[in-house]
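One structure, as structure tokens, below. Some questions next.
The values are calculated or read from the model by the stated rules, or taken from the named source; none is laboratory data. Everything numeric in this text was worked out from a predicted model, so none of it was measured. Positions of Cβ are generated from backbone atoms using ideal geometry, with glycine treated the same way; all protein chains shown enter the neighbour counts. Side chains included, ligands, DNA and RNA excluded: accessible areas come from the protein's heavy atoms. Shrake-Rupley method; radii C 1.70, N 1.55, O 1.52, S 1.80 Å.
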Amino acid sequence: MTTYDDTEANGMNERGALLDFPGADELATAGHVEPLSERALARVLAEVEAAVATEGTTAGVATVTPIRRLTGRRRALIGLLTTAAVATGVVTYANNGTTSASTGTHSEARANTASVFLDDISTVAASQSASSGKYWKMRTTVGDEYISQSMDEYVVSGGKAAKKGRHPDWQLGPKDLDWNGLNQLTTDPAKLLALLQTPPRPKSISPFDQASSLLTESPASPKLRAGLFKAMAGLKGVKLVGQVKDSTGRGGTAVEFAEAKSVGRVIVDPKTSAILEYTFTWTAGPSKGKVTHHTVLSAGFTDKIG
């Protein structure tokens, strides 16, 4: 059995043997990170145990092989341990697929798939304080918009308020939702997903667009927003883009959904779950190349206009 003295004799101490793999320096300098979630821990341990069992099996008999004695497979095994570092927030995946030290939140760091990221963001959304008011106010790059409980829409520009008309109902599958309908809507992720996957009116509005619109523009409660993020995670084809900046330079995490002729993208603030920007890009047809940005600088309830 190899001992600590054996590794010293070979010119490599125990710590050096364990950290002899690409990315070790980044892991060593990353500092303190949050502990693993139960799900992430179970996944990582299962992978490591499987690798160790395979390495230590001889003639049908499983044996325990010290990590220091592994040769070619040691680096693969340590790579699995690196997965634990990714899950705890030490390493993130950059847009080019390489690893880099994380300076973001726990949700940003361990989320290397859209479903995991959106699941984490749903937890952030649920933790936000519930509030209320006579109007839902959105400050955008164009101006301030207000929606009343009766669905009247007002715009404030140059210090003057003007009634724009009635705000269109929010679409969720076959449902047309006004402010009251939104408050009565289920918050169960499975039921929300079923509604999103039911053909809407008009059929051109994709499930991703419906969820994004509700999360960006509506006075949805924290519980409803949490349910919508989880439902969005269940949509097939939702892709995690990674850390990006919106059109105003604010940093966030982007997820997108591609259809036959368009791509929808939302940039989420991982600390608050707020949608910073929703972008719609035409990739085919007469409008190919056209990009629409809806950038929200702030949103919340208020009791007066202006």
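Would you confirm whether any residue within region 154-163 is free of Cβ contacts under 8 Å to residues at least 12 places away in the same chain and in contact with a Phe, Trp or Tyr (Cβ under 8 Å, 6 or more places away or on another chain)?
Yes - at least one qualifying residue is present in region 154-163.
Continuing with this model, one more query. Taking region 110-149 as the search range and keeping residues that are small (G, A, S) and in contact with an Asp or Glu (Cβ under 8 Å, 6 or more places away or on another chain), which one is modelled with the highest pLDDT?
G133
Mind checking which helices (runs of 4 or more DSSP H) fall wholly inside region 166-276 and carry at least 2 residues that are buried (at least 20 other Cβ atoms within 10 Å of the Cβ) and in contact (Cβ under 8 Å) with a residue 40 or more places away in the chain?
It comes to 207-217, 222-233.
Next question. Report whether or not T295 is more than 14 Å from the chain's Cα centre (by Cα), open to solvent by 50 Å² or more (accessible area, probe 1.4 Å), farther than 17 Å from K175 by Cβ and modelled with pLDDT of 90 or more.
It is false that T295 is more than 14 Å from the chain's Cα centre (by Cα), open to solvent by 50 Å² or more (accessible area, probe 1.4 Å), farther than 17 Å from K175 by Cβ and modelled with pLDDT of 90 or more.
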